[in-house]
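Asker: The structure under discussion is supplied below as structure tokens; questions concerning it will follow.
Values quoted throughout were computed directly from the atomic coordinates according to the rules given, and no laboratory measurement underlies them. What you see is a predicted model; the values in this text were computed from it and never measured. Please note: Cβ atoms are built from the backbone with ideal geometry, for glycine as well, and neighbour counts cover all protein chains shown.
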Amino acid sequence: MPKIKIPRKSTNIDMTAMCDVAFLLLSFFILATQFKPAEALEVQTPTSVQTTVAEMKNVVMITIDKSGRVFYSLSDDLGAKDNNFKAEVIEAVNEAKNLNLTAQEKAMFSFPGYYIGVPFSQLKSALQKSPEQLAGMNLPGIPVTDTLNNELQVWMRATVDVMQGKTMNLLVKGDNESKYPTFKAVMDAFKKNELFKFKMVTNPEGVPPGSELAKKARAESH
Amino acid sequence: MAEMDTSSGGGHKKGPGVKKQKKLSTRVDLTPMVDLGFLLITFFIFTTTMSQPTSMQLFLPKDTDKPEEQNKLKESGALTLMLGKNNVVYYYEGQLLPDGSNFKTTGFKDVRNIILDKKRSTDPKDFMVVIKADNEATYKNTVDILDEMTINDVKRYALVDIAPVEVQLIRATEGADSRK
């Protein structure tokens, strides 16, 4: 104990102001958080060291779930009222495969969040359901593994024809557990339609320390 | 210290025989609430920025049968990686020998060292990695291998079909391993 006692003053600080600021910041972040849209298809994508962010506009998305089922969907901005690419795609497919779809069924394809997960034989009945109903059903997926009848090729053909000239973001979102033959069949569908560039959706992963990539990143930042 | 004592308590015995004061302190210590507030803030700070999925670009070569358009591949500079079942990677350097003696097995952890060794011992313009996946390889294996290409700064790599002789070798190796 020190011999000389320093006269102490009261150290009571009124914490109200700090508390107010803390809750203001909290409310800001709660409101600024964007939740990921509830996906009808549960896909666990693999991780990758890539840093380019996946685009959200003009997206043609091919989803492969863990049992190898393939789903095709277009982003909602492609179904806009004045420039409805979705309507053109379904019309092209309708003509190519003689499906005799009604106007209402074609309109269902343009509905935001709609995705195709059935072979052409079941397409007419699938188009009578809304996306919420589709989520409950157990869809068989688009058949791709049969090389003679790769239905995804037809869908991609229609997409390429409709989107001529417009930059299209082709994304493949595959599950970790899906097998390589399905992925290969999806790539074949792309190759047959002269689509040689596509992106795969992944989760971000840190660059391993000491690796060549880390050295390159350090050299570039200096 | 003496000041704090008198202000926090409800009352003190001023002397013997004083009645106990019935007033209770209405001061609540708000420190834990502020702690939780900051904890929640940090949680939301981290979750808002990290939820964007990233994308990995892949270029496919055109399928040509004309030999002059196919990439000239110097055999000694090529490393072939084959993806099999259960995250196993098989590899060989250069051409596959008829007796399969240069067919080796490894896992994803060691494949980085193998790629780096081959890269260091080869001329940069001859070095190429050929990736072949059999029917039991998963999508995750494919993405991980392509990731390894980026991590190790491999400039030339190709994703091609697996040959039947390689499939046989893989099956034979799997059979031998399971019998061990």
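Asker: With everything on Cα atoms, drop me the angle between helix A:180-192 and the longest principal axis of chain A, reported from 0 to 90° to the nearest 10.
Answerer: Its long axis makes an angle of about 60 degrees.
Asker: Which value, in Å to one decimal place, does the Kirkwood hydrodynamic radius take for chain A when every pair of different Cα atoms is included? Numbers along the way, then the final one.
Answerer: Working: mean 1/r = 0.0478 Å⁻¹.
By the Kirkwood definition, the hydrodynamic radius is 20.9 Å.
Asker: Collect residues whose amide H, placed 1.01 Å from N in the peptide plane, falls under 5 Å from the amide H of B:Asp134; neighbours closer than 5 in sequence don't count.
Answerer: Hits under the 5 Å cutoff: B:Leu83.
Asker: In nm, give the distance between the simple-model label positions of B:Leu24 and B:Lys125, each being 7 Å from the Cα along the Cα-to-Cβ direction.
Answerer: For B:Leu24 paired with B:Lys125, the spin-label model returns 8.8 nm.
Asker: B:Val165 to A:Thr47: FRET efficiency via 1/(1 + (r/R0)^6), r the Cβ-Cβ distance, R0 25 Å, to the nearest 0.05?
Answerer: Values: r = 33 Å, r/R0 = 1.33.
For B:Val165 and A:Thr47, the calculated efficiency is 0.15.
Asker: What do you get for the angle between helix A:151-162 and the principal long axis of chain A? Use alpha-carbon atoms, 0 to 90 degrees, nearest ten.
Answerer: 80 degrees
Asker: When Lys and Arg each count +1 and Asp and Glu each count -1, what net charge do the other residues less than 11 Å away from B:Asp134, Cβ to Cβ, add up to? Intermediate values should be presented prior to the final figure.
Answerer: Working: positive: A:Lys179, A:Lys184, B:Lys85, B:Lys132, B:Arg171; negative: B:Glu136, B:Asp161, B:Glu166, B:Glu174.
My count for the surroundings of B:Asp134 gives +1.
Asker: Which of A:Arg157, B:Arg120 comes first, and how do the rest follow, when ranked by fewest Cβ neighbours within 10 Å?
Answerer: On the way: A:Arg157 16, B:Arg120 8.
Lowest to highest Cβ neighbour count: B:Arg120, A:Arg157.
Asker: Please list, ordered by chain and number, the residues whose modelled amide H lies under 5 Å from the amide H of A:Val70; skip anything fewer than 5 residues away on the same chain.
Answerer: Long-range HN contacts for A:Val70: A:Ile142.
Asker: For chain A, take the longest principal axis of its alpha carbons; what is the angle in degrees between that and the long axis of helix A:16-32, to the nearest 10 within 0 to 90?
Answerer: 10 degrees
Asker: Give, rounded to the nearest 20 debye, the magnitude of the charge dipole that region B:75-179 has about its Cα centre when Lys and Arg contribute +1 at Cβ and Asp and Glu contribute -1 at Cβ. Working shown, then result.
Answerer: Working: 14 positive and 17 negative charges, 38 e Å.
Charge dipole of region B:75-179: 180 debye, to the nearest 20.
Asker: Could I ask something else about it? Nearest-5 percent of antiparallel DSSP beta bridges in chain A? Walk me through the numbers on the way to the answer.
Answerer: Working: 7 of 17 bridges.
So the antiparallel bridges in chain A amount to around 40 percent.
Asker: Among DSSP bridges having both ends in region B:75-179, what percentage is antiparallel? Round to the nearest 5.
Answerer: On the way: 9 of 19 bridges.
Around 45 percent antiparallel, to the nearest 5.
Asker: Run through every distinct alpha carbon pair of region A:80-140 and return the Kirkwood hydrodynamic radius in angstroms, one decimal place. Can you show the working numbers first?
Answerer: Values: mean 1/r = 0.0842 Å⁻¹.
With all distinct Cα pairs of region A:80-140 included, I get 11.9 Å.
Asker: Normalise the Cα radius of gyration of region B:75-179 by 2.2 N^0.38 Å (N = residues in it) and let me know the number. Let's see the in-between values first.
Answerer: On the way: Rg = 13.0 Å, N = 105, 2.2 N^0.38 = 12.9 Å.
For region B:75-179, the normalised Cα radius of gyration comes out at 1.01.
Asker: Quick one: what are the phi-derived ³J(HN,Hα) couplings along region B:154-168, Karplus 6.51/-1.76/1.60 with θ = phi - 60°, whole Hz, x for glycine and proline?
Answerer: Per-residue couplings from phi come out as 8, 7, 10, 8, 9, 9, 10, 6, 7, 8, x, 5, 6, 4, 4 Hz.
Asker: Follow-up question, since we're still on this one. To the nearest 20 debye, what charge dipole does region A:95-222 have about its Cα centre, counting +1 at the Cβ of each Lys and Arg and -1 at the Cβ of each Asp and Glu? It would help to have the intermediate numbers written out before the result.
Answerer: On the way: 16 positive and 13 negative charges, 54 e Å.
Dipole size: approximately 260 debye.
Asker: Full-extension gain between A:Ser27 and A:Ala219, please, as 0.36 nm times their residue separation minus the C-alpha to C-alpha distance.
Answerer: Values: separation 192, 0.36 × 192 = 69.12 nm, distance 4.02 nm.
Roughly 65.1 nm would be gained on extension.
Asker: Once both labels are modelled 7 Å past Cα along the beta-carbon direction, what's the B:Arg156-A:Lys3 spacing in nm?
Answerer: 8.6 nm
Asker: Peptides A:161-167, A:138-144: what's the order by average Cβ count within 10 Å, highest mean first?
Answerer: On the way: A:161-167: 11.7, A:138-144: 18.3.
Highest mean packing first, the order is A:138-144, A:161-167.
Asker: Which entries of A:Lys179/B:Lys125; A:Lys199/B:Lys125; A:Lys215/B:Lys155 have Cα-Cα distances beyond 24 Å here? Could the numbers behind the result be given before it?
Answerer: Numbers: A:Lys179/B:Lys125 33 Å; A:Lys199/B:Lys125 27 Å; A:Lys215/B:Lys155 15 Å.
A:Lys179/B:Lys125; A:Lys199/B:Lys125, as the Cα separations exceed 24 Å there.
Asker: Ordered by residue, what ³J(HN,Hα) values in Hz, to whole numbers, does region A:55-64 give under the Karplus form 6.51 cos²θ - 1.76 cosθ + 1.60, where θ = phi - 60° and Gly and Pro are x?
Answerer: Going residue by residue, I get 7, 10, 9, 6, 9, 9, 10, 10, 10, 10 Hz, with x marking Gly and Pro.
Asker: Moving to a separate point now. Output the relative contact order of chain A, whole-number percent, from Cα pairs under 8 angstrom with separation of 6+ residues.
Answerer: 26 percent
Asker: Non-local amide H neighbours of A:Thr202 (under 5 Å, H modeled in plane, Pro and chain starts lacking H): which ones?
Answerer: Under 5 Å from the amide H of A:Thr202: B:Thr54, B:Ser55, B:Met56.
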